[in-house]
Amino acid sequence: MKRPECTGFDSSVGLTRRNFLHRFGGGLGGLALANMLHAETGSKFHHPAKAKRVIYLFQSGGPSQIDLFDYKPRLIQETGKELPESVRQGQRLTGMSGNQASLPLVGSPFQFAQHGKSGQWISELLPNTAKIADDMCIVNSMCTEAINHGPGVTFMQTGSQLPGRPSMGSWLSYGLGSMNENLPSFVTLVTKGKSGQPLVSRLWGSGFLPGKHAGTRFRSAKDAILYLNSPEGVSRESRRNALNHLKELHEIQLERTGDSALETRIAQYEMGFRMQSSIPDVTDLGNEPESTFKLYGEDARTPGTFAANCLLARRLAEKDVRFIQLYHQGWDHHGGLPGGIKKQCKETDRASYALVADLKQRGMLDDTLVIWGGEFGRTNYCQGKFNKTNFGRDHHPRNHSTWFAGGGVKPGITYGQSDDYSYNVEDGGIHVHDFHATILHLLGIDHERLTFKYQGRHFRLTDVHGHAVKPILS
């Protein structure tokens, strides 16, 4: 995507950069408003968008596709047998199970059933998610090259296994701008009190894009954003006066240096001032009716739970936040999977269903894309000593499951297929770059045209390949 460049002006004709900003569009604030209007008219889109916003329910640690969505009767029948070499085909394993003398298959101990008019296969662990079977597109053919958590999560969030690239939310903020000048275009929510592989801020960072496109993390504490509120005794009028003077100083420096970082700094100060009013309003769940908590469950009353974050995500979507990223840790079940995955599903199943149902009843699901999934799947064999009732599964990048709802994706379908052992993709493989290209396509972006020049090269979210998966689009 070709983006307009900011250039200086010839002071000899009496039009400095500072004067230009004030004369046309009312200064930086006017340009920001013009940018919003420009985005909303669709002139930044490469084709008509089906989704306006994304809510990404990221399940960190690698949920087991075998025990949730990828029903494999043959694998269940052959539990205890050795993983056939014809299936493994010499593919690499992690250091945690690669040296095992035996790789015994272990099918899911949980019951599966078909749900909805569409007949989607869903595990008994997800009774609430099963209620929205006809709204979901379940993909059982996701694949990645990453075999460990750090590169895997980074890959799913940024399109590269190497740290330092912009996150998907940052790319969307850069490409489409904001739909609400009083809230960030990209918000991150992390479930409180969960353990697992660390979630670091670079996962929602802007990388080499301007800093204003980074995700803003909302905490579950009294102050959702640190250092946002004025100190005690400092009035809003006083804060406004100080920012006005600071802005004048920055604009003088900007005129002298042309440093674009100063523009970002001014914009962020102004956004912070506006958020002093908007953040408390959007994060206050106290004005939700009892029917809301009956839908999401009692956990939604406790700030920082997955349920509360799903409810907050719906409120942010109502305020037209462009990209809302939820992280829920705890899916890394190398041991004790039967008990561990039950706990995870209990924490996430009802709220995931409620979010989709809530958006649908409010008429928002059509233009809101909801995504549920992790960084990779789990192995079909037991990690460690074989135990039919209390086992673990190792990391598995060859195939895993993700589901989509709303936002222009076909409802009530299962796309892609793994083999009888849920080890390799057999049909309809969706690589990480395809996943990203499809999301961008739904938002009206051609993934090959959304680029940013950095260190002499034009970068994009999908790196150098990937395609939108048209069969899952409505």
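All of the numbers you see were taken from the coordinates with simple rules; none came from a lab. None of the values given here were measured: they were computed from a predicted structure. Neighbour counts are summed over all protein chains in view; Cβ atoms, including those assigned to glycine, are modelled from backbone coordinates with ideal geometry.
Size of the stretch 141-186: Rg and Dmax of its alpha carbons, in Å, are 13.3, 40. For the pair residue 294 and residue 244, the difference between a 0.36 nm per residue extended length and the Cα-Cα distance amounts to 13.4 nm. Distances between every pair of Cα atoms in the stretch 71-209, grouped in 10 Å steps from 0 to the bin holding the largest one, split as 9, 22, 30, 28, 9, 2 percent.
Just want to confirm a number: the relative contact order over the chain, from Cα pairs under 8 angstrom separated by 6+ residues, in percent.
Worked out over the chain, it gives 28 percent.
Only DSSP H runs of four or more residues enter the estimate; each adds -39500 (n - 2.57), and after division by the residues of the chain the mean residue ellipticity at 222 nm equals -10000 deg cm²/dmol. Cα extents for the stretch 52-95 along the principal axes, largest to smallest and rounded to whole angstrom: 46, 27, 18. Each label was represented as a point 7 Å from its Cα along the Cα-to-Cβ direction; for residue 446 and residue 426 these points are 3.7 nm apart.
FRET efficiency for the residue 223 to residue 320 pair, using the beta carbon distance and R₀ = 25 Å, is estimated at 0.60. With the simple model of a label 7 Å out from the Cα in the direction of the Cβ, residue 96 to residue 269 spans 4.8 nm.
Once the chain from residue 473 to residue 388 is taken as fully extended at 0.36 nm per residue, the excess over their C-alpha distance is 26.6 nm. Note on the stretch 100-175: Cα Rg divided by 2.2 N^0.38 Å, N the number of residues, gives 1.56. Filter the DSSP H helices in the chain by two things, a Kyte-Doolittle mean of at least -1.0 and an axial alpha-carbon span of 27 angstrom or more, and list the hits by number. Span-like helices in the chain: 260-283, 337-361. Expressed as a whole percent, the proportion of Cα-Cα pairs in the stretch 76-137 lying more than 13 Å apart is 71%.
Note on the stretch 354-474: Kirkwood hydrodynamic radius from all Cα pairs is 16.8 Å, rounded to one decimal. The value for the stretch 165-324 of Rg(Cα) / (2.2 N^0.38 Å) is 1.15.
Multiplying the residue separation of residue 74 and residue 45 by 0.36 nm and subtracting their alpha-carbon distance yields 5.8 nm.
Taking only the C-alpha atoms of the chain, Rg followed by Dmax gives 23.8, 83 Å. Loop sites here are GluC sites (Glu not before Pro) outside DSSP states H, G, I, E and B with no more than 15 other Cβ atoms within 10 Å. The longest part of the chain free of them is 233-474. With the biggest extent put first, the Cα atoms of the stretch 334-413 measure 50, 26, 18 Å across the principal axes.
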